[in-house]
Amino acid sequence: MFCNQCEQTAKGTGCTVVGVCGKKPEVAALQDLLLHALKGLALYAGEGNKLGIIDREMDRFTVGAIFTTLTNVNFDATRFVPLINQCVQYREVMKEKVAAAGGQVSFADPSASFQPAADLDGLVKQGEEVGLVNDHDAPADIQSLQQILVYGIKGISAYADHARILGQEDDVVYAFIYEGLAALTNKDLGLNDWVGLVLKCGEINLRAMELLDAANTGKFGHPVPTEVPLGHKAGKCILISGHDLQDLANLLEQTEGKGIYVYTHGEMLPTHGYPELKKYKHFYGHYGTAWQNQKKEFAAFPGAILMTTNCIQDPQAYMDNIFTTGMVGWPGVQHVQNGDFGPVIERALAMPGFAEDEDKGSVMVGFARNTVMSVAGKVIEAVENGDIKHFFLVGGCDGAKVGRSYYSEFVEKAPQDTVILTLACGKFRFFDKKLGDIGGIPRLLDVGQCNDAYSAIQIAVALADAFECGVNDLPLSLILSWYEQKAVAILLTLLYLGIKDIRLGPSLPAFITPNVLDVLVKNFNIKPITTPDEDLAAILNK
Ligand code: FSO
Ligand code: SF4
């Protein structure tokens with residue numbers, strides 16, 4: 001196997017024996033094969049698009065299938081078999097439609113005519129042969145850009161899948177996914193073509209994130225400032241993790257009146273701020289911290305656990321209590337489908353629950369774009385009279401690396417006249433710190449999940465408008481932590497928007513070559529994090 005798609009990749013270069021995440025070589029091979037099959041599908045879908053032939057079911061299948069290949073989503077080899085077969089079926093149907101309309105149906109790339117083996121072992125062997133890298137003969141910099149594109153497309157697909165579940169879709173998003181995947185079969189593209197595709201990936205991701213923002217706020221309302229208890233109530237309980245709001249809504253509806261309290265874990269924390277979710281009295285509080293602490297935290301949870309999206313880890317110690325849904329999978333874990341969480345509820349009722357109430361304080365959520373913009377006047381005044389000197393967006397994913405303590409130290413050391421905006425699971429390093437306020441404006445503002453990066457971008461754009469300057473001219477610095485492929489897509493969006501001076505850590509992606517990095521540094525002044533003291537001094541004394 002070879003996989004280098006996430007930040008914790010082995011030795012900073014690539015997982016080759018088994019994934020640091022727990023991904024087995026068979027699963028890596030099946031994911032590679034699924035992507036191979038999807039490239040073949042994309043060739044015909046791209047032709048179909050040119051002729052106005054759209055197959056919405058195929059589009060939805062495609063983003064969901066890609067979502068299964070993201071880090072920490074699906075570790076269950078058996079789940080890839082139907083996906084690979086369905087992909088080829090969709091390809092053949094599209095091929096027929098394109099042929100009937102007089103379009104091009106002859107492609108030399110092996111992915112266009114790939115036929116899946118009859119069984120799992122055969123598929124694994126096929127996957128080992130196709131591998132991850134598209135064109136071994138291509139120069140290293142082109143391979144690097146191809147990988148950035150694939151990982152960016154994975155991020156877009158995750159957002160597009162979330163958005164389409166709530167009824168928000170756009171042809172341009174699907175069309176780009178096909179365009180990008182099909183491009184990977186083209187050996188004639190030069191460096192500039194690949195740079196163009198990578199930036200277009202950022203542009204399309206902005207649209208995908210906009211759709212998701214519209215989906216979440218349209219269905220559940222704009223988040224409002226909300227105090228979330230970190231303790232618990234005596235009684236039966238369910239813990240929900242991942243990012244999917246519709247799954248949470250279904251769970252809340254199905255648990256109402258059953259004497260079960262629902263708690264969030266990890267990236268589900270910001271959901272407490274949505275009016276249509278917080279209305280449920282039994283939607284009580286937040287339990288635990290970020291994804292990489294789940295083994296310890298889940299093992300101690302006295303109820304059922306539902307994993308809706310990434311990031312799942314090996315659940316051996318609580319196998320009977322955990323359930324997956326959507327694209328998530330782990331061999332042997334019960335998978336519940338179609339929003340029917342009966343088995344999860346049954347398990348929660350059979351488990352002891354919390355014996356007594358415990359107060360562990362609280363945190364505030366709900367500072368997404370609508371809330372922040374509603375106090376824009378106050379914020380602008382505070383900047384103009386010097387009460388707020390600088391904004392930091394300290395956002396991104398968390399992970400297990402020691403170097404990630406940089407982010408908590410950065411927030412602790414940020415001067416009193418600065419405001420910290422945060423999003424995604426990296427916030428758990430400092431989410432419960434009491435940073436106080438500046439004239440009633442909290443110094444720590446939780447914008448939401450990594451899925452809410454659009455909201456943070458909108459806040460920055462609104463501030464730039466108010467100050468009649470560009471985003472790069474604002475007293476705002478982005479201090480980002482990355483882990484997996486959604487973060488790659490967000491980073492590409494920020495580059496597409498021309499955002500400069502981003503500080504990125506805890507380490508730079510293994511799939512970026514020195515030359516590609518050089519282009520990023522020259523054009524966007526992107527830089528690796530150093531130490532909190534050094535970076536704070538450099539930013540504030542500029
Ligand atoms: Fe974290 Fe995992 Fe949200 Fe990521 S839970 S690490 S970018 O998958 O999704 O922030
Ligand atoms: Fe390794 Fe990350 Fe790939 Fe898992 S997802 S196999 S940890 S690079």
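Taking a straight Cα-Cα cut-off under 17 Å and skipping sequence neighbours fewer than 8 places away in the same chain, the aspartates and glutamates within cross-link reach of K236 are E253, E256, E297, D320, E346, E356, D357, E358, D359.
Annotation: peptides 311-321, 138-148, ranked by per-residue average of other Cβ atoms within 10 Å with the highest first, follow the order 138-148, 311-321. Between the stretch 52-116 and the stretch 271-335, the alpha-carbon centres lie 31 Å apart. Less than 5 angstrom separates the built amide H of Y261 from those of K236, C237, I238, all sequence-distant by 5 or more or on a different chain. Shape analysis of the stretch 312-384 yields a ratio of the Cα radius of gyration to the Kirkwood radius, Rg/Rh, of 1.23.
Would you work out the relative contact order for the chain, in percent, from Cα pairs under 8 angstrom that are 6 or more residues apart? Once divided by the residue count of the chain, the mean separation gives 17 percent.
Among DSSP bridges having both ends in the chain, what percentage is antiparallel? Round to the nearest 5. Walk me through the intermediate numbers first.
Numbers: 9 of 48 bridges.
Restricted to the chain, the bridges split so that about 20 percent are antiparallel.
Legend: translational diffusion of the stretch 10-219 by Stokes-Einstein, Rh = Kirkwood radius over C-alpha pairs, 20 °C, 1.002 mPa s; D = 123 µm²/s. For the stretch 419-446 versus the stretch 144-179, the inter-centroid distance based on Cα atoms is 30 Å. Centroid-to-centroid, using Cα positions, the stretch 187-207 and the stretch 468-492 are 18 Å apart.
For the stretch 369-540, would you read off the P(r) tail past 23 Å as a percentage of all alpha carbon pairs? Intermediate values should be presented prior to the final figure.
On the way: 5306 of 14706 pairs.
For the stretch 369-540, the fraction of Cα-Cα distances above 23 Å is 36 percent.
Hey, what did the stretch 368-508 get for relative contact order, percent, Cα under 8 Å, at least 6 apart? Could you put the intermediate results ahead of the total?
On the way: 203 pairs, mean separation 42.8, N = 141.
Over the stretch 368-508, the number comes to 30 percent.
Which of the pairs K296/K434; K281/K433; K23/K154; K295/K401 have their Cα atoms more than 19 Å apart in this structure?
K296/K434; K281/K433
Working note: Karplus 6.51/-1.76/1.60 with θ = phi - 60° gives the stretch 372-389 the couplings 5, 5, 5, 10, 3, x, 5, 5, 4, 4, 5, 6, 5, 8, x, 6, 10, 8 Hz, where Gly and Pro are set to x. Sorted from greatest to least, the principal axis extents spanned by the alpha carbons of the stretch 229-350 come out as 35, 28, 25 Å. Each peptide in 500-513, 33-46 was scored by the mean count of other Cβ atoms within 10 Å over its residues; highest first, the order is 33-46, 500-513. Helix content alone sets the calculated 222 nm mean residue ellipticity of the chain: runs of n ≥ 4 DSSP H residues at -39500 (n - 2.57) each, divided across all residues, give -14500 deg cm²/dmol. The Cα-based radius of gyration of the stretch 202-271, divided by its Kirkwood radius, gives an Rg/Rh of 1.04. Where the alpha-carbon atoms of the stretch 156-204 are placed on the principal axes, they occupy 38, 18, 15 Å, in descending order. Counting only residues at least eight positions apart within a chain, or on another chain, the aspartates and glutamates with an alpha carbon under 15 Å from that of K187 are D109, D135, D137, D141, E179.
Full extension of the chain segment joining V20 with Q89 gains 21.5 nm, where the gain is 0.36 nm per residue of separation less the Cα-Cα distance.
With a 1.4 Å probe and all protein chains left in place, how much accessible area per residue does the stretch 10-219 have, in Å²? Present the calculation step by step, with values, prior to reporting the outcome.
Details: 8000 Å² over 210 residues.
That works out to 38 Å² for each residue.
For the chain, which whole percent of the accessible surface, found with a 1.4 angstrom probe, sits on carbon and sulfur atoms? Please report the intermediate quantities before stating the final value.
Values: 10560 of 20560 Å².
Its accessible area is 51 percent carbon and sulfur atoms.
Here the simple spin-label model places points 7 Å from the Cα toward Cβ, and for A317 and E276 these points are separated by 3.7 nm.
Spin-label model, N293/I53: points 7 Å from Cα along the beta carbon direction are separated by 5.3 nm.
Relative to the present Cα-Cα distance, how much length would full extension add between V461 and D170 at 0.36 nm per residue of separation? Please list the in-between numbers first.
Working: separation 291, 0.36 × 291 = 104.76 nm, distance 2.29 nm.
Additional length available on full extension: 102.5 nm.
Packing here is the average count of other Cβ atoms within 10 Å per residue, and on that basis the peptides 259-270, 58-69, highest first, run 259-270, 58-69. Here the scattering of the stretch 40-133 is modelled by Debye summation over its C-alpha atoms, one equal scatterer each and no solvent; at q = 0.10, 0.20, 0.25 Å⁻¹ the log10 of I(q)/I(0) is -0.28, -1.04, -1.37.
Label separation (S405 vs K360): 2.1 nm, computed from points 7 Å beyond Cα along the C-beta direction. Rg of the Cα atoms in the chain, relative to 2.2 N^0.38 Å, amounts to 0.95.
The values are calculated or read from the model by the stated rules, or taken from the named source; none is laboratory data. Only a predicted model underlies this, so the values are computations on that prediction, with no experimental measurement involved. Note: ideal-geometry Cβ built from the backbone for every residue, glycine included; neighbour counts use all protein chains shown. The protein model used for the area step is the full one, side chains on, heavy atoms only, and it has no ligands, DNA or RNA in it. Shrake-Rupley method; radii C 1.70, N 1.55, O 1.52, S 1.80 Å.
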